[in-house]
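The next block holds one structure in the form of structure tokens; read it before the comments.
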Amino acid sequence: MRKLMILALLGCAMLVNSAKAQDKDEVYDFVSVQKQPMYPGGIAEFYQYVKKEIKYPEVAKNNKTEGKVFLAFTVEKDGSISDIMVTRSLSPETDTEAVRVLKNSPKWAAAEQDGKAVRVRYNININFDLTKARSTKN
């Protein structure tokens, strides 16, 4: 009987530890956290960064490909970006360029829940507009 109680207590302790470990890696939806992740300077600054860094792929220019690439990614507890995924594609070339720019993004301010940094899933789109690409060309 004593051994059975000890086994039951050990099982409960392992279950509690397992649940705590899962909480540490939980990924929240960005609308469900108390403080959302933020690009340094805000979302307007993020789009300025994109505008400066984006290189319109030649194949996309030649094919007159225009539109938006929709992306989802995780803002980690340290503000880094991970798990980048194209959720709505425009073309292979524009998708690759959008992912490249996002991968090179400076660290964001992490999201917070109950005063602690948490991982958050974030969605964004990057616009490919040939008229803007032509007007910024030297």
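Here's the yes/no breakdown for (1) of a type in the set (Gly, Ala, Ser); (2) surrounded by 14 or more Cβ atoms within 10 Å (Cβ to Cβ); (3) in contact with a helix residue (DSSP H, G or I) (Cβ under 9 Å, 6 or more places away or on another chain); (4) without any contact (Cβ under 8 Å) to a residue 12 or more places away in the chain:
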site	(1), (2), (3), (4)
SER82	yes, no, no, yes
LEU102	no, yes, yes, no
SER105	yes, yes, yes, no
ALA111	yes, yes, yes, no
VAL120	no, yes, yes, no
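Out of the range 51-80, which residues are open to solvent by less than 60 Å² (accessible area, probe 1.4 Å) and closer than 23 Å to VAL31 by Cα?
If the condition is that a residue be open to solvent by less than 60 Å² (accessible area, probe 1.4 Å) and closer than 23 Å to VAL31 by Cα, then VAL69, PHE70, LEU71, ALA72, PHE73, THR74, VAL75, GLU76, GLY79, SER80 are the ones that fit.
Only one residue in LYS20, LYS3 is modelled with pLDDT under 95, more than 30 Å from GLY115 (Cα to Cα) and assigned to a helix (DSSP H, G or I), so which one is that? Please lay out each step first, then the result.
Values: LYS20 fails: more than 30 Å from GLY115 (Cα to Cα).
Unique residue meeting the criteria: LYS3.
When you go through PRO57, PRO37 one by one, which is the residue that is at negative phi, in contact with a Ser or Thr (Cβ under 7 Å, 6 or more places away or on another chain) and either of a type in the set (Phe, Trp, Tyr) or modelled with pLDDT of 55 or more (or both)?
Testing whether each residue is at negative phi, in contact with a Ser or Thr (Cβ under 7 Å, 6 or more places away or on another chain) and either of a type in the set (Phe, Trp, Tyr) or modelled with pLDDT of 55 or more (or both) leaves just PRO57.
In the list ASP78, ASP95, which residue meets the criterion of being more than 24 Å from VAL59 (Cα to Cα), among the acidic types (Asp, Glu) and not in a strand (DSSP E or B)?
ASP78
For the range 127-137, indicate whether the set of residues that are open to solvent by less than 70 Å² (accessible area, probe 1.4 Å) and in a loop (DSSP other than H, G, I, E, B) is non-empty.
yes
The values are calculated or read from the model by the stated rules, or taken from the named source; none is laboratory data. All figures in this text were calculated on a predicted structure; none of them were measured in a lab. As a convention, Cβ positions derive from the backbone with ideal geometry for all residues, glycine included, and neighbour counts pool all protein chains shown. Accessible surface areas use protein heavy atoms only, side chains included; no ligands, DNA or RNA. Shrake-Rupley method; radii C 1.70, N 1.55, O 1.52, S 1.80 Å.
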